[in-house]
Amino acid sequence: MRIFLKSIPILILAVVLFIPNAFAANSVTRLDGANRYEVAVNVSKQGWSSANTVVIANGTAYADVLTASPLAYKYNAPILLTKSTTLTTATKNRISQLKPSKVFVIGGTISVSNNVVNELKKLGVSTVERIGGSSRYEVAQNISKKLSSNSKAIIANGTAYADSLAISTYAARQGIPILLTTEKSIPTATKNAMKSKGTSSTIVVGGEISVPKSIYGQLPSPTRIGGKDRFEVAANIAKRYYSSSKSAFISNGFKYADALAGSALASKQNRPMLFTKADSLATATRAIIGSNSINNFTVLGGTISVQTVVTNQLKNEIVGKKVFIDAGHGGYDSGAVGNGLKEKDVNLTVAKLVNSKLSKGGALPVMSRSTDVFLELSERVAKAKSNNVDLFVSIHANSASASATGTETYYYTKYESANSKRLATEIQNRLYQAMNTQNRGVKIGIFHVIRESTMPSSLVELAFISNANDASKLKSALYQEKAAQAIYEGIIAYY
């Protein structure tokens with residue numbers, strides 16, 4: 001019994017030490033389907049086992065449903081998609097499962113024909129209410145009439161679909177109508193909607209190309225959430241309204257159907273909608289993931305819309321992290337020279353490889369230099385600080401007597417001592433094995449770039465240029481690649 005009791009603290013300690021690593025990996029869930037109609041169905045299954053109300057919209061007429069998220073949220077309704085003249089089998093089956101008593105049909109008869117309405121009634125839906133209009137602007141106005149009183153309105157360009165989708169979750173949760181404008185004038189329907197709702201303040205979504213100053217100045221008490229592109233607009237919305245949210249929806253920023261259906265679930269779960277390119281996370285999206293420490297993602301759409309490389313980036317612990325890669329020396333400062341090598345060239349080659357791997361992995365790498373230029377040590381530190389980076393890694397090659405050999409990594413104790421040591425250790429443990437060199441260990445070094453950097457930082461000495469065997473590896477493209485991979489994996493391991 002005593003032996004058993006003595007083992008309990010050890011067991012507890014093991015569990016405590018294990019848990020942080022177990023929870024370190026990012027969570028990624030994909031909601032997909034064979035087409036947009038199936039995606040919408042599968043999205044609905046994540047939020048609703050039944051529903052008294054359902055919103056139906058044309059799966060290719062994006063404009064009609066852009067403003068429907070607040071309506072869907074008010075009635076706790078999923079958004080399902082239909083073809084113009086007939087319900088798809090997937091949508092029809094889902095409505096039979098949900099058993100709604102009411103369906104809102106968004107758009108006129110060109111978008112959703114009366115044949116679809118009749119099909120809905122045959123499925124047992126007692127009330128089918130169409131919210132239409134002669135234009136997308138009137139549809140938005142008529143949707144706003146169904147919402148509770150609110151003195152605020154959201155204004156977005158009626159042809160800039162991504163902006164409306166990016167704000168949809170916030171608008172829905174706050175019960176704020178989304179109204180649409182053109183870049184040339186405010187449509188009569190939008191003016192009438194604001195007048196009837198008593199709008200006293202507006203949130204303008206999109207940059208000045210989407211909603212120019214001439215329109216902005218006509219709106220009551222406007223505030224703009226802009227950005228240089230759709231990715232940055234969505235990121236800025238998340239920054240303003242979802243700074244504490246650790247979960248987000250991810251959708252292709254150029255394919256809207258999945259986000260249309262997903263906006264209802266995002267609203268229900270109170271998560272921001274972020275956008276990606278099909279084959280890589282946009283810089284603005286990575287940045288907000290990093291700054292908000294988002295680690296739980298729901299990806300909307302199949303692998304054509306959002307490729308596997310994107311989900312891999314989202315799963316990667318370094319996604320959104322800013323990592324400073326410092327290629328030591330440069331320009332007239334060659335660094336160590338020996339065995340036909342200049343240190344500055346080796347450092348830059350390996351640094352570029354690390355930079356590429358970090359970028360492909362989803363991080364936001366920043367290089368001190370990407371060409372053969374000289375930078376003062378203080379300039380390197382200043383550049384890292386001004387970019388507000390999370391980590392600093394300086395890459396060098398060593399020199400001493402011809403017999404000196406091996407790999408070593410340094411840290412300093414002035415700032416972030418424990419984390420700097422851990423970073424150095426994770427890199428060193430992989431680097432000497434990758435280089436197949438002597439393990440010279442992790443050491444404290446009073447080098448300027450790691451002494452003055454306020455973030456966790458380390459300085460890598462790949463191998464000795466002055467040693468013929470080490471130099472042959474530093475010269476080798478294979479070993480340069482191995483070194484870069486080891487540094488990259490060390491950074492991932494740090495997180």
- Query: Inside the stretch 261-282, can you point out the residues that are part of a loop (DSSP other than H, G, I, E, B) and touching a Gly at 6+ places or on another chain (Cβ under 8 Å)?
  - Reply: K277, L281, A282
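For every residue, the table says whether it meets (1) more than 10 Å from the chain's Cα centre (by Cα); (2) of a type outside the set (D, E); (3) within 30 Å of P70 (Cα to Cα).
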| site | (1), (2), (3) |
| --- | --- |
| A259 | yes, yes, yes |
| D279 | yes, no, no |
| R286 | no, yes, yes |
| D333 | yes, no, no |
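Sort through P365, P272 and tell me the only one that's crowded, with 20+ Cβ neighbours inside 10 Å, out of contact with any Asp or Glu (no Cβ under 8 Å at 6 or more places or on another chain) and under 20 Å from G253 (Cβ atoms).
Residue meeting the stated conditions: P272.
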- Query: Has the stretch 254-269 got at least one residue that is under 26 Å from A25 (Cα atoms) and surrounded by fewer than 24 Cβ atoms within 10 Å (Cβ to Cβ)?
  - Reply: yes
- Kindly provide the set of residues from the stretch 1-30 that are at pLDDT 95 or above and either assigned by TED's automatic domain parsing to the domain that holds T127 or among the charged types (D, E, K, R) (or both), ordered by number. R30
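Would you kindly identify the strands (runs of 3 or more DSSP E) lying entirely within the stretch 119-214 that contain at least 3 residues that are within 34 Å of the chain's Cα centre (by Cα)?
152-157, 178-181, 201-205
Look at I395 and say whether it is within 25 Å of G320 (Cβ to Cβ), assigned to a strand (DSSP E or B) and under 32 Å from the mean Cα position of the chain (by Cα).
Spelling it out, I395 is indeed within 25 Å of G320 (Cβ to Cβ), assigned to a strand (DSSP E or B) and under 32 Å from the mean Cα position of the chain (by Cα).
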- The correct count of residues that are in a loop (DSSP other than H, G, I, E, B), surrounded by fewer than 15 Cβ atoms within 10 Å (Cβ to Cβ) and touching a residue at least 40 places away in the same chain (Cβ under 8 Å) in the stretch 372-392 is 4
- The condition from (1) part of a helix (DSSP H, G or I); (2) within 28 Å of the chain's Cα centre (by Cα); (3) more than 13 Å from I131 (Cβ to Cβ) that L81 misses is numbered (1)
- List the helices (runs of 4 or more DSSP H) that sit entirely inside the stretch 425-495 and contain at least 3 residues that are touching a helix residue (DSSP H, G or I) at 6+ places or on another chain (Cβ under 8 Å) and over 18 Å from E343 (Cβ atoms). 477-494
- Task: Collect the residues in the stretch 423-462 that are under 26 Å from E376 (Cβ atoms) and hydrophobic (A, V, I, L, M, F, W, C), keeping them in residue-number order.
- Result: L423, A424, I427, I444, I446, F447, V449, I450, M455, L459, V460, L462
- Message: Pull out all pairs, ordered by first then second residue, where Cβ-Cβ is under 6 Å, the residues are six or more apart or on different chains, the first lies in the stretch 333-345 and is in the same structural domain as A400 (by TED's automatic domain parsing), and the second is surrounded by fewer than 18 Cβ atoms within 10 Å (Cβ to Cβ) and hydrophobic (A, V, I, L, M, F, W, C).
- Response: D333/F374; N339/A468
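The values are calculated or read from the model by the stated rules, or taken from the named source; none is laboratory data. From a predicted model like this one, the values you see are computed outputs, not experimental measurements. Cβ: placed from backbone, ideal geometry, glycine included. Neighbour counts: every protein chain shown.
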